[in-house]
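*Asks:* Below: one structure in structure tokens.
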Amino acid sequence: MALPDTLRQIDRGVFWPAIVIAGSFVLWGVVAPDSLASTATAVLNWIIRVFGWTFVVSTAFFLLFAVFLAVSRFGKIKLGHDDETPEFSTVSWVCMMFSVGMGIGLMFWGVAEPIFHFGAPPHGMAQPQSKEAALVAMQYAYFHWALHPWAIYAIVGLALAFFSYRKNLPTLISSAFYPLLGDKIHGPIGRTIDVLAIIATLFGTATSLGLGAQQINSGMNYLWNTGESSTIALAIIAALTLFFILSAVSGVGKGIQFLSNMNMIVAVLLLIFLALIGPTVFIFDTLIEAMGYYLSDLISMSFRTAAFSDGKWLGSWTIFYWAWWISWAPFVGVFIARISRGRTIREFVIGVLLIPSAVTFVWFTIMGGTALYSELMGAGGLVEAVNEKGAPVSLFALLAQFPMATLTSSVAMFLVAIFFVSGADAASVVMGMLSSRGTLHPAPGIVVLWGLLAGASACVLLVMGGLAGLQTASILAAAPFLLVMVGLCASLWVGLLDEIESHGRFEDVSKVEA
């Protein structure tokens, strides 16, 4: 596409502020990484100390609100015109949701998180490395990866789909604020909202890219003794960035859908292998028992703050996760909205909440359950491996205890790469959409630019502080967008009430000129 066409497509009030913020961060990290690290850490500690409770309360509210919308009279409202049908089949819809939503994280933490909690149980709830610690470990893995994160995605995706496809507004986060802001969504306030969404997306993507690079580096070293270093990790980031940019410019139908479907097939085969060759009965027993404890303690876990528990643990795990999901929410929400046109609110919420959560339960039970069985009754050594070499090595240390370790480890590295490519693919397209007035087909040049910035940000974060640096960026980027999400809930509520009571008073708002 010619440069003048690209320039005409962008919204300069969104594009340039976001570019300046992202570029300044990258430049700061290159010129003075120690200064950036110390400043970011200080701000992070202040946010967790003063506002950590807001992440806890807000995330619990998002889940309750999403469930209420599904079971209420609003559930019948279609995300689109009444005669529209879904663009994608249910199977492809679920595969794309899951692959984009958290595939890379599950590969990284599927073994590592249960092993971490097994070795050091949350809030001192059990004796380390005991059977009780194993149960608590699975319970908290479910808590961090199932209903709550998908509720965060559901809120953003639902608001976007409703106002974009039911009310014919541009596919922008700011569009969902029309009931509260009116025509001001086209002004500075609306553009600020979209800039915050882009920045959150950028650093959420960078965090995932950094995690993926660390895990691939660890797998290569585990298999072929290549060594682990920042140089190798940066080279992996460069390669993955190139691949996801190429995938992104190919379009949703050709790129993301193909990668997502292939991902799930390969991932399912790996899970089946572990379930059959591993402790099959123990896995099923763990799923049933851990699920029961998770559901019975869901309310208490959802509202646990640092008032009477370990604040450091809460900040490093639960608040980090809620912030990470919130930082991913703009692009995952926009992407889920993009692939959900024609579905009802009830179908949307059930699909987004329950189906990926069910897959998450199975994933953690097979991966984490197999690892915990090894610690309790098998070869063991995983806690020591994680403590000595870090979280990225956990999956490969587990696979090494089973036949065909080289093959399965190679498959795992392939999955990490493809899960990341599919997720970052969607993120770069969404950042292009948000900076191009909500067009569903942003110019390739804009998509490439955002992809390069995501890769550069991941490099800076990795050099700045490894895993700690990645976690810091997620929370810092999510903090302002948390306020946006609270506003989204209020605006969506007003819009749904209007839909029921006045049969679409906002039907013609798309005619308002920016």
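The values are calculated or read from the model by the stated rules, or taken from the named source; none is laboratory data. Fair warning: this is a prediction, and the values are worked out from it, not measured in the lab. Note that each Cβ is placed from the backbone with ideal geometry, even for glycine, and that neighbours are counted across all protein chains shown.
*Asks:* Considering only the stretch 385-418, state which residues are among the polar types (S, T, N, Q) and either assigned to a helix (DSSP H, G or I) or at positive phi (or both).
*Replies:* 387, 394, 406, 408, 409, 410 - these are the residues of the stretch 385-418 that are among the polar types (S, T, N, Q) and either assigned to a helix (DSSP H, G or I) or at positive phi (or both).
*Asks:* Could you list, in sequence order, all residues of the stretch 377-395 that are hydrophobic (A, V, I, L, M, F, W, C) and farther than 11 Å from residue 115 by Cα?
*Replies:* 377, 379, 393 - these are the residues of the stretch 377-395 that are hydrophobic (A, V, I, L, M, F, W, C) and farther than 11 Å from residue 115 by Cα.
*Asks:* For residue 320, all conditions in the list (1) more than 21 Å from the chain's Cα centre (by Cα); (2) at pLDDT below 95; (3) aromatic (Phe, Trp, Tyr) hold save one; what is the number of the exception?
*Replies:* If we test residue 320 against (1) more than 21 Å from the chain's Cα centre (by Cα); (2) at pLDDT below 95; (3) aromatic (Phe, Trp, Tyr), just (1) comes out false.
*Asks:* Would you check which residues across the stretch 438-492 are buried (at least 20 other Cβ atoms within 10 Å of the Cβ) and not in a helix (DSSP H, G or I) and list them?
*Replies:* Once the filter is applied, which keeps residues that are buried (at least 20 other Cβ atoms within 10 Å of the Cβ) and not in a helix (DSSP H, G or I), the stretch 438-492 yields 438, 442, 443.
*Asks:* I've got another one for you. Would you please list the contacts, defined by Cβ atoms under 7 Å and residues six or more apart or on different chains, that run from a residue in the stretch 219-248 that is touching a residue at least 40 places away in the same chain (Cβ under 8 Å) and within 17 Å of residue 420 (Cα to Cα) to a residue that is among the hydroxyl-bearing types (Ser, Thr, Tyr) and outside any loop (DSSP other than H, G, I, E, B)?
*Replies:* Within 7 Å, the pairs are 219/409; 244/428; 245/428; 248/428.
*Asks:* List the number of the failed condition for residue 194; all other conditions in (1) touching a Ser or Thr at 6+ places or on another chain (Cβ under 7 Å); (2) surrounded by fewer than 24 Cβ atoms within 10 Å (Cβ to Cβ) hold.
*Replies:* Of the numbered conditions (1) touching a Ser or Thr at 6+ places or on another chain (Cβ under 7 Å); (2) surrounded by fewer than 24 Cβ atoms within 10 Å (Cβ to Cβ), the odd one out for residue 194 is (2).
*Asks:* It is to be established whether one or more residues within the stretch 142-162 are in contact with a Pro (Cβ under 7 Å, 6 or more places away or on another chain) and more than 27 Å from residue 460 (Cβ to Cβ).
*Replies:* The answer is yes, given that some residue of the stretch 142-162 is in contact with a Pro (Cβ under 7 Å, 6 or more places away or on another chain) and more than 27 Å from residue 460 (Cβ to Cβ).
*Asks:* Still on this structure, please answer the following. Condition first: under 23 Å from residue 363 (Cβ atoms) and in contact (Cβ under 8 Å) with a residue 40 or more places away in the chain. Can you find one or more residues in the stretch 169-192 that meet it?
*Replies:* Checked the stretch 169-192: no residue is under 23 Å from residue 363 (Cβ atoms) and in contact (Cβ under 8 Å) with a residue 40 or more places away in the chain.
*Asks:* Given the criteria under 14 Å from the mean Cα position of the chain (by Cα), crowded, with 24+ Cβ neighbours inside 10 Å, within 30 Å of residue 400 (Cα to Cα) and not basic (Lys, Arg), does residue 207 qualify?
*Replies:* yes
*Asks:* Taking the condition out of contact with any strand residue (DSSP E or B) (no Cβ under 6 Å at 6 or more places or on another chain) and closer than 29 Å to residue 440 by Cβ, does residue 121 pass?
*Replies:* no
Every residue, every condition in (1) closer than 30 Å to residue 368 by Cα; (2) surrounded by fewer than 24 Cβ atoms within 10 Å (Cβ to Cβ), yes or no:
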| site | (1), (2) |
| --- | --- |
| 149 | yes, no |
| 162 | no, no |
| 171 | no, yes |
| 175 | no, no |
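*Asks:* Quick check, is residue 247 surrounded by 23 or more Cβ atoms within 10 Å (Cβ to Cβ), among the hydroxyl-bearing types (Ser, Thr, Tyr), modelled with pLDDT of 95 or more and in a helix (DSSP H, G or I)?
*Replies:* no
*Asks:* I'm trying to understand the selection: among the residues of the stretch 299-323, which are among the aliphatic types (A, V, I, L, M) and surrounded by 18 or more Cβ atoms within 10 Å (Cβ to Cβ)?
*Replies:* 301, 306, 314, 319, 323
*Asks:* Restricting to the stretch 12-32, name every residue that is more than 26 Å from the chain's Cα centre (by Cα) and of a type outside the set (Lys, Arg).
*Replies:* Taking the stretch 12-32 as the starting set, the residues that turn out to be more than 26 Å from the chain's Cα centre (by Cα) are 12-13, 30-32.
Result: 13, 30, 31, 32.
*Asks:* Which condition breaks for residue 130 when tested against (1) crowded, with 22+ Cβ neighbours inside 10 Å; (2) polar (S, T, N, Q); (3) at pLDDT 95 or above?
*Replies:* Going through (1) crowded, with 22+ Cβ neighbours inside 10 Å; (2) polar (S, T, N, Q); (3) at pLDDT 95 or above one by one, residue 130 breaks only (1).
*Asks:* Just wondering, is there one or more residues in the stretch 181-189 that are of a type in the set (A, V, I, L, M, F, W, C), surrounded by fewer than 20 Cβ atoms within 10 Å (Cβ to Cβ) and under 30 Å from residue 392 (Cβ atoms)? Reasoning before the result, please.
*Replies:* Within the stretch 181-189, the subset of a type in the set (A, V, I, L, M, F, W, C) is 181, 185, 189.
Among the residues that remain, those that are also surrounded by fewer than 20 Cβ atoms within 10 Å (Cβ to Cβ) are: 181, 189.
Filter once more, so that each one left must be under 30 Å from residue 392 (Cβ atoms): none.
No, there is no match, as no residue in the stretch 181-189 is of a type in the set (A, V, I, L, M, F, W, C), surrounded by fewer than 20 Cβ atoms within 10 Å (Cβ to Cβ) and under 30 Å from residue 392 (Cβ atoms).
*Asks:* Go through the stretch 210-228 and report how many residues are buried (at least 24 other Cβ atoms within 10 Å of the Cβ), modelled with pLDDT of 85 or more and of a type in the set (A, V, I, L, M, F, W, C).
*Replies:* So the answer is 2.
*Asks:* Another question, if that's okay. State yes or no: is residue 116 modelled with pLDDT of 95 or more and closer than 21 Å to residue 395 by Cβ?
*Replies:* Numbers: modelled with pLDDT of 95 or more: yes; closer than 21 Å to residue 395 by Cβ: yes.
Yes, satisfied.
*Asks:* Here is a follow-up. Give me the residue from the stretch 467-514 that is more than 21 Å from residue 156 (Cα to Cα), at pLDDT 70 or above and aliphatic (A, V, I, L, M) and, out of that set, nearest to the chain's Cα centre (by Cα).
*Replies:* Filtering the stretch 467-514 for residues that are more than 21 Å from residue 156 (Cα to Cα), at pLDDT 70 or above and aliphatic (A, V, I, L, M), the one nearest to the chain's Cα centre (by Cα) comes out as 470.
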